[in-house]
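Trainee: Structure incoming, see below.
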Amino acid sequence: MQSKFNLLGRNLFDLDDYSTDEIVAILEATQVMKQINLRDYKKLPTLKGKTVCTLFFENSTRTRMSFELAASRMSADVVSFSAETSALAKGESLQDTVYTLNAMGIDLYIVRHSCPGSPQLVHKHSSKPVINAGDGRHAHPTQALLDIFSIWERLGSLKGLRIAIVGDVTHSRVVRSNLIGMKKLGAEVVVCGPRTLVPGYLPEIYGCEVEYDLKTALKNADVVMGLRMQIERQREGLFPGLDEYTRHYVLSKETIRWAKKDALIMHPGPMNRGIEILPEIADSEQSLILKQVANGVNVRMAILFLMLGGKA
Ligand code: CP
C-alpha cells in the first residue's frame, strides 16, 4: 500500500495534531485495508517483528478488541495490559509500569486512561509512538476516525453534510474528537442535549452549533449520532432523571422523522437501549452502528500500518 503521508513515529493524541490531508490519507488507507479484508481474511505479514501494547486502565470492548485484532491481522505481536490484574494493584506507578514494558521491547503503545493527558505521559516515559484510545473527557481520535470513515464511505464526502450529535456532550471524549475531524472535512455539526449536558462555549472552540431542542437540531440532518448517557454522572444532578431525558431526547422512529429521510443513524457504543436510543432505530436499516464497529478494525489497521511503517 502506498501513501504520500509518512506517519512513521508520529503519535495520535487527537485529530488536531493531523492536517485535513493526513486525515483523508488515513481514510484512503482504511479503504484499502477494508478491500483487503473483504477479499481475503488471511493474515498480512506487514507488521511482522513489531510489538504493540494495549495499555488499558479503563474498561473497553470495541476499542481494545479491534486494536488487538488489527495488529494481529498484520502479524504484529500484541501484549495486553489490564490495570486490575497488573502490578498497579501492588502500588506500582504509571511511570514504572511504562519503564517495565519498555524494557520488554514495545514498539507502540495504545493507551486508555480516565485521566486526560495520560497518553502524552506514556510517550514522555517511553519515547515510543502512542495512540490515544480514550483519555477522560478529552479525546478518542480513533473512534472519531472510524465514525468519519463510516460516513465518508457511505456518502462520498462530509463536505456540506449536516451532522447532529445528541446526548451527554459534556462528558463525551468522542464528541470532541469528532467535532475536530468533521469540521476539518467540511461538515456542519450541531450538538444537542439538555443545557447541563451541552457546554455553551463549544461553538467558540469548535465552530459547531449548540441546540437544546431535539426537533430543531434534527431538522435537515443527514446523519444523527446518539451519545451514551453516562448514567454514573447522574449523581452529580446534571439532569432530573433518565425518564425525563428520554422524554425529550431519545432517538426513536418518531423523533428521527425530524431528520432527512434515510438519515444515517450512528452511535459510538456502548448503548443504553431505551434511554438515548430505541432498538427500533438502533437495529434499523438506517443504522450504521455495527458497520462502525466493523470499520473500527480497518481504521486501526490503517493507523498501525502508517505509524509503524508497515511493509506493503
Ligand atoms: N466506543 C468505545 O470506545 O467503546 P469501548 O469503550 O467498548 O472501547
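Trainee: Kindly give the semi-axes, whole Å and largest first, of the ellipsoid equivalent to region 141-288, taking each as the square root of 5 times a Cα gyration tensor eigenvalue.
Mentor: Values: eigenvalues 92, 63, 38 Å².
Three semi-axes, in Å: 21, 18, 14.
Trainee: If you count the DSSP beta bridges with both ends in the chain, what percent of them are antiparallel, to the nearest 5?
Mentor: Around 5 percent antiparallel, to the nearest 5.
Trainee: Still on this model: Pull up the cross-link candidates among the aspartates and glutamates for Lys128, meaning alpha carbon to alpha carbon under 13 Å and not fewer than 8 places away within one chain.
Mentor: Correct list for Lys128: Asp107.
Trainee: Rank the residues Leu121, Leu155 as a footprinting-exposure proxy: fewest other Cβ atoms within 10 Å of their Cβ go first.
Mentor: Working: Leu121 17, Leu155 13.
Fewest-to-most ranking of Leu121, Leu155: Leu155, Leu121.
Trainee: For region 141-288, compute the number of Lys pairs whose alpha carbons are separated by less than 12 Å, excluding pairs fewer than 8 positions apart on the same chain.
Mentor: Close lysine pairs under the 12 Å cut-off: 6.
Trainee: Same structure again: Give me the distance between the Cα centres of region 151-220 and region 288-307, rounded to whole Å.
Mentor: Spelled out, the Cα-based centre of one part sits 21 Å from the other.
Trainee: What does the convex hull of the alpha-carbon atoms of region 72-175 project to on average, in nm²?
Mentor: Numbers: hull surface 36.0 nm².
Averaged projected hull area, Cα only: 9.0 nm².
Trainee: So, one more: With N set to the number of residues, divide the alpha-carbon radius of gyration of the chain by 2.2 N^0.38 Å and report two decimals. Walk me through the intermediate numbers first.
Mentor: Details: Rg = 19.3 Å, N = 312, 2.2 N^0.38 = 19.5 Å.
Compared with the compact-globule rule of thumb, the chain sits at 0.99.
Trainee: Shifting gears a bit: Treat the count of other C-beta atoms within 10 Å as a stand-in for reagent exposure and order Leu278, Leu227 from fewest to most. Display every interim value, and only then the final one.
Mentor: On the way: Leu278 20, Leu227 27.
Ordered by Cβ neighbours within 10 Å, fewest first: Leu278, Leu227.
Trainee: Would you be so kind as to identify which of Ile256, Met33, Cys208 lies farthest towards the positive end of the dipole of the chain, taking Lys and Arg as +1 and Asp and Glu as -1 on Cβ and the Cα centre as origin?
Mentor: Checked the options; the winner is Met33.
Trainee: Using a Gaussian network model of the chain whose springs link C-alpha atoms within less than 10 Å, name the residue from Ser93, Ser75, Ser66 with the highest mean-square fluctuation.
Mentor: Judging by the Gaussian network model, the answer is Ser93.
Trainee: Anyone know which of Arg173, Arg247, Arg195 comes out most mobile in the 10 Å Cα GNM of the chain?
Mentor: Arg247
Each reported figure results from applying straightforward, stated rules to the coordinates on display, with no laboratory input. Everything quoted here is computed from the prediction, not taken from an experiment. Note that we place each Cβ from the backbone using ideal geometry, even for glycine, and neighbour counts take in every protein chain shown.
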